[in-house]
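Okay, structure first, notes after.
No value in this document is a laboratory result; all are computed from the given coordinates. Only a predicted model underlies this, so the values are computations on that prediction, with no experimental measurement involved. Cβ atoms come from the backbone with ideal geometry, glycine included; neighbour counts cover every protein chain shown.
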Amino acid sequence: MKAARLSIVLSLLIVVLTSLTGSQVQIEGKVSATRPEIANCIMLVKVVARQGSRVLASGHELLDTTGVYVLPINAGITPTQQRPVDIFVAGLGLDTMYVKSYYSFTGSRMVLNIKVPNEYVKDASGNVVCPKCGGFEDILPVKYGTHHRIKRTIHNGDTTYVPLDHNIPSEMFSDLHPYWYCNKCKIQF
């Protein structure tokens, strides 16, 4: 009789604690590539979830050879339109690259399969579109190396300098690196 009561009390306690703390949200999926020379490097990719500058979860430092990852997000994290949960990929030979934003969680388990390199969306005019904000006005091409290209504009005696590309001071470049940068969202994709 005491064991039955203890079991009931423990069950109620677990239900109450679960309702107070909520359950964990899990984003999981697979990182894949269609080209064989890239597919061999998938195990070197890391998937990261961030909200603002705070890292919420990081997939395995090294994925298994199948590219499977799991990102457990604490229940207290609530994405909003102003503070979404952003997913990035990074790794050896791969600069940090934006994948997707979650503005709300629709369940406790979500699947996000990621293909590398990124596929870029273009509008009807051929402009590359930012995957986060949907704009094309603030998109700059990513340039690797030590060169800087800027545009100087003088108007009514005021001089302004506008970058023509987003410079990454590295000579190392591969197909896995991002090609574009959104100056509004501050993301590479």
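Overview of values
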| item | result |
| --- | --- |
| Listed residue pairs exceeding 20 Å between alpha carbons, taken from Lys46/Lys115; Lys30/Lys143; Lys132/Lys186; Lys46/Lys184; Lys100/Lys122; Lys115/Lys143 | Lys30/Lys143; Lys46/Lys184; Lys115/Lys143 |
| Cα Rg, Dmax (largest Cα-Cα span) when computed across region 64-145, Å | 15.1, 43 |
| Relative packing of 80-91, 41-52, which averages over residues the other C-beta atoms within 10 Å, highest first | 41-52, 80-91 |
| Under-5 Å amide H pairs with Val68, H placed in peptide plane, nonlocal only | Val31 |
